[in-house]
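Worksheet: the structure to be examined is printed underneath.
Read-outs: derived from the displayed coordinates by stated rules, not from any lab. Model, not experiment: these values are computed from the prediction. In this analysis, Cβ positions are derived from the backbone assuming ideal geometry, glycine residues included, and neighbour counts consider all displayed protein chains.
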Amino acid sequence: MTFAVFLQHLANGIALGGMYALLAVGYNMVYGILRLTNFAHGDVFMMSAYIAFYTWLVFGLPWYVAFPVTMVLGALLGVIIERAAYRPLRQAPRISSMLAAIGVSFLLENIAFVVFGGRPKAFQRPPFLDQVFSIGSVSVPALTFVSIAASVLFLLLMSYIIYRTKPGLAMRALSMDSETARLMGININTMISLTFVLGSGLAAAGAIIWSLKYPQILPLMGALPGLKAFIGAVLGGIGSIPGAMLGAFLLGLGEIMLVAFLPTLTGYRDVFAFAILIVVLLFKPRGLLQGKEVPKV
Amino acid sequence: MSLLKVDHVTMQFGGLTAVSDLFVEMERGELVGLIGPNGAGKTTVFNMISGVYTPTKGRVIFDGADITGKKPDRAAAAGISRTFQNARLFTGLSVVDNVMVGQHLRLKSSPLAAMVGLPSYKREEQAMYDRSMALLERLGLTNLAQRKAGGLPYGPQRRVEIARALATQPKLLLLDEPAAGMNAEEAKDLMAFIRGVRDEFGLTIFLVEHQMRVVMGICERILVLDHGEKICEGCPSDVQNNPQVIQAYLGVTTNA
Amino acid sequence: MKIAADRGKVLSLLGLVLFGLFLWWATGHWDPFLLRMLRLCGIYIVLGLGVNVVNGLAGQFSLGHGGFMLVGAYTLALLTLTPEKKEMCFYLVPCIAALRTLTLPFVVALVLAAILAAVVGFLVGAPALRVGGDYLALLTLAFSESIVVLAFNIMPITNGALGLKGIVDYASVWWVWGLAILAIFLTRSLAESNYGRALKAIREDEIAAEAMGVNLFYHKTLAFVYGAALCGIGGALLACINSSIEPSMFGFYFTFQILVMVIIGGLGSVTGTVIGAPLVTIMLEALRFIDNPVQLGPIRIPGIIGMRMVLFSTLLLMAILFFREGLVGSREFSWAGLARAVASLGRGKKQAG
């Protein structure tokens, strides 16, 4: 493999990692506050892809209207799910919330089957994104740059919100010690809703970028990316936002590199993420950046 | 040979030292108390003996064997049983089932024998049931045997926990604040009861308590812990008059 | 107490004989569709019990059963297909030499399916159970999906996405229900035994259970391996009844379906699964009419494909949100209990009348 090709793969890996990171942050924030693995997050991602498809391609809105609308609607979907399915179970044993998350995921997938049909829909890609930029012998399509740039932009925005604003501070406090945070006057319900708004909005952004890159939209498209994003968050350290981002980037990078260096293992690219999860949980459960303690036996 | 030797154990959690260089030795049949202000590390000591925590330094020798860091079920098999600060009963199970769980470690039949329903298993189960009911009777809980443990009032719950702990046929019983939530009258009954249990079952008892009346009333020997260190050890009157102990408890009202 | 227990046994035996007579009558009078439903009900009871032992009885939230079902299904298929059939299936990549000419009787294949699934269950459970509750679900899901991916890729053994076709349907009503009743009996015995108590104790409070001498790893693994074996048997029977299998059948979509049956019946209750699994199976079948157009006199209501699963998922969510206990909660069936229920009904009528 030439160095040029390697750089191309590197770029692809970072792009994929960026998309995983957008999803991973949402998982991480929800887990940090509610200790809930939001299985439905990947399906919010999927729904957002469909929303983008309809607003942009079916209703013909220009992309700079359709995409923000998608993000808003995606965020809204996240909040609705939280209110309807998770809030009533906050006092219930943890297994109930997990079952509810799975139930919501199931429901969303089935609704997608009914409303959108099981046949894949074709997302479009504006031709300018297919333009290839070459530096020397390294050729990278514009889409890759755009997706990396967009992911990084949104992640920076999210980091700003979380680390430099009052609501962000409240969310962090809540994820560390919800009892005390509540006593300090932080409105738990509002903050949790905000968490879902931000997380789901990011997922929607990720969905748009994903659909531009992989233009086949299916009802079950969110399951695997969602799972991998969460694994990335575990790798980086659940409970640590930079950890989630780092882990997700590493996972995306690793996945692409695996296929690049060992093309015979292409069929196993999904197992790569699972293998990482298994190794991490067994040997370094708090992840690379030492997130929260994993409840151990 | 002493039954329990806590040999200079230290427990550190990251930067925090919960227990520091503790030495305790107990002979068979003793009734020893562990007291100290809140946060002194008393439950941590129990957790180290019963295997929930592995000491950072030092060893725990029980009945001649080094059980340092052995998991709680191994400690139970060796003969250490305990109750918890907030009675950790199996709330969904009946009272007698709770006690039956305590018997489980003595069960010889395999799971397959149990599933198939071999007579050898049935006999063992019947014997365990009889022993459980006998224990419940000894603790005055017979008519509560079939009740769900979660629905019981506080007092009986604590007694069920003790029955369950006794079911493991321990040599050493660790009682973590057995009198918590009891008034003076109930505490007095509990004192007599604990002493009776020690005599009848031939146990050694190590108990943590806040209520001075209970501790001074039954314990033959008392250890005082403060900030993870042993600051005093001796018979009740020695401890009561020890200036360091008084200092540690200053500001804390006792009903002694 | 012993007399009541004996009476219960006699009644159970009687019930079994009656059920057997019912099966005999059904096989003689029912059309193939109804008989298939009958068999599916039995198979899903076995699968549901496999899930309930781990998730309900032991309280360990595992999503790994899809993989175990796959192992059982493929074991049975590979061991019962004739060399000719195998040659027809493995047209892209030939089957590995060891299996190419191997054909075993159904019973042997079934036993091996259970054993292999149990072994895989152990390999998955042993590491996975060391991790806490939240991550166990994720880890077992990852293992299960990995097994599916492996099945897609190891062409010489599984024939990949092409799947295996032409499996002989050995899963008669008698085999299915015989195994189902055996599974019910063994699982109920386990639940009522002290091992069952130990598992429930782990479910309620594993720290206290461990302090009382219950070895957590041993017991959790026990539940896991037994559950995996049941899933393997269920998977094998499914392979027979469907006569063709391919890896995506055993993905998380199917995993959730079984979980739903167990939840609706009642997590932790054998009776719940025995009632819930057939109920959900029949309900799913009955709801099929929603997918198809319906003629109501002059009005034609168009069918919406997939709507029944939407309805089904909504029902599941309702169950999780409002009827968390399921139909029977964690209660178990007993003849004495039934007698009491009937008696109180009678009393109620007398008071009203």
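Quick look at the numbers
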{"read-out": "Residue (of A:V5, C:T140, A:N110) at the positive-pole extreme of the protein assembly as shown, dipole from beta-carbon charges", "value": "A:N110"}
{"read-out": "Unit charges on C-beta of K, R, D, E only; dipole of the protein assembly as shown, Debye", "value": "1340"}
{"read-out": "Net charge dipole size for the stretch B:1-108 [Lys, Arg +1 and Asp, Glu -1 on Cβ; Debye, nearest 20]", "value": "300"}
{"read-out": "nm² value of the averaged projected area, convex hull over the Cα atoms of chain A", "value": "16.3"}
{"read-out": "Karplus-derived HN-Hα couplings along the stretch C:82-99 (A = 6.51, B = -1.76, C = 1.60, θ = phi - 60°), whole Hz, x at Gly and Pro", "value": "6, x, 5, 4, 4, 4, 5, 6, 7, 8, 8, 10, x, 5, 5, 4, 4, 9"}
{"read-out": "Cα-based equivalent ellipsoid, the stretch B:68-128: semi-axes from gyration tensor eigenvalues, Å", "value": "25, 17, 9"}
{"read-out": "Ratio of Rg to Rh over the stretch C:106-176 (Cα coordinates, Kirkwood Rh, two decimals)", "value": "1.07"}
{"read-out": "Ranking of C:T101, B:T83 by count of other Cβ atoms within 10 Å, fewest first", "value": "C:T101, B:T83"}
{"read-out": "Degrees, to the nearest 10: A:94-116 long Cα axis against longest axis of chain A", "value": "40"}
{"read-out": "Burial ordering of A:M171, C:M318, B:M115, fewest other beta-carbon atoms within 10 Å first", "value": "C:M318, B:M115, A:M171"}
{"read-out": "In sequence order, calculated HN-Hα J values of the stretch B:159-164 (Karplus, 6.51, -1.76, 1.60; Hz; x Gly/Pro)", "value": "5, 4, 4, 5, 4, 4"}
{"read-out": "Positive dipole terminus of chain B, leading residue within B:A163, B:L174, B:V215 (C-beta point charges)", "value": "B:A163"}
{"read-out": "Sequence-separation-based contact order of chain C, relative, with Cα cut under 8 Å and 6+ spacing, percent", "value": "28"}
{"read-out": "Value of relative contact order over chain B, rounded to a whole percent, pairs C-alpha under 8 Å and six or more apart", "value": "26"}
{"read-out": "Charge dipole magnitude, Cβ of K and R +1, D and E -1 - the stretch A:3-283, Cα centre, debye nearest 20", "value": "360"}
{"read-out": "Per-residue HN-Hα couplings for the stretch B:203-208 [Karplus 6.51, -1.76, 1.60; θ = phi - 60°; Hz; x = Gly/Pro]", "value": "9, 10, 10, 10, 10, 9"}
{"read-out": "Relative contact order of the stretch B:39-104, defined on C-alpha pairs under 8 angstrom at six or more residues apart (%)", "value": "24"}
{"read-out": "Unit charges at the beta carbon, dipole of the protein assembly as shown: most positive-side option, A:A244, C:G125, C:A114", "value": "C:A114"}
{"read-out": "Under 12 Å, Cβ to Cβ, from B:R158 - net charge with Lys/Arg +1 and Asp/Glu -1", "value": "-2"}
{"read-out": "Simple spin-label estimate for B:Y154 and B:S237 in nanometres, 7 Å along Cα-Cβ", "value": "3.4"}
{"read-out": "Proximal aspartates and glutamates relative to B:K171, as straight alpha-carbon distance under 15 Å, when same-chain residues fewer than 8 apart are discounted", "value": "B:E25, B:E27, B:E30, B:D63, B:D73, B:D199, B:E200"}
{"read-out": "For the stretch C:32-251, convex hull volume per residue from C-alpha positions, Å³", "value": "111"}
{"read-out": "Nitroxide proxy distance, nm - points 7 Å out along Cα→Cβ at B:Q244 and C:E84", "value": "9.1"}
{"read-out": "Cross-link partners of A:K121 among lysines (Cα-Cα below 22 Å; sequence separation of 8 or more within a chain)", "value": "A:K213"}
{"read-out": "Eligible lysines near B:K122 by straight Cα distance, threshold 26 Å, same-chain separation 8 or greater", "value": "B:K108, B:K148, C:K2, C:K9, C:K200, C:K220"}
{"read-out": "Residue order, fewest to most surrounding Cβ atoms within 10 angstrom, among B:R147, B:R159", "value": "B:R147, B:R159"}
{"read-out": "Average projected area [Cα convex hull, chain B], square nanometres", "value": "14.6"}
{"read-out": "Rg/Rh ratio calculated on Cα atoms of the protein assembly as shown (Kirkwood radius)", "value": "1.00"}
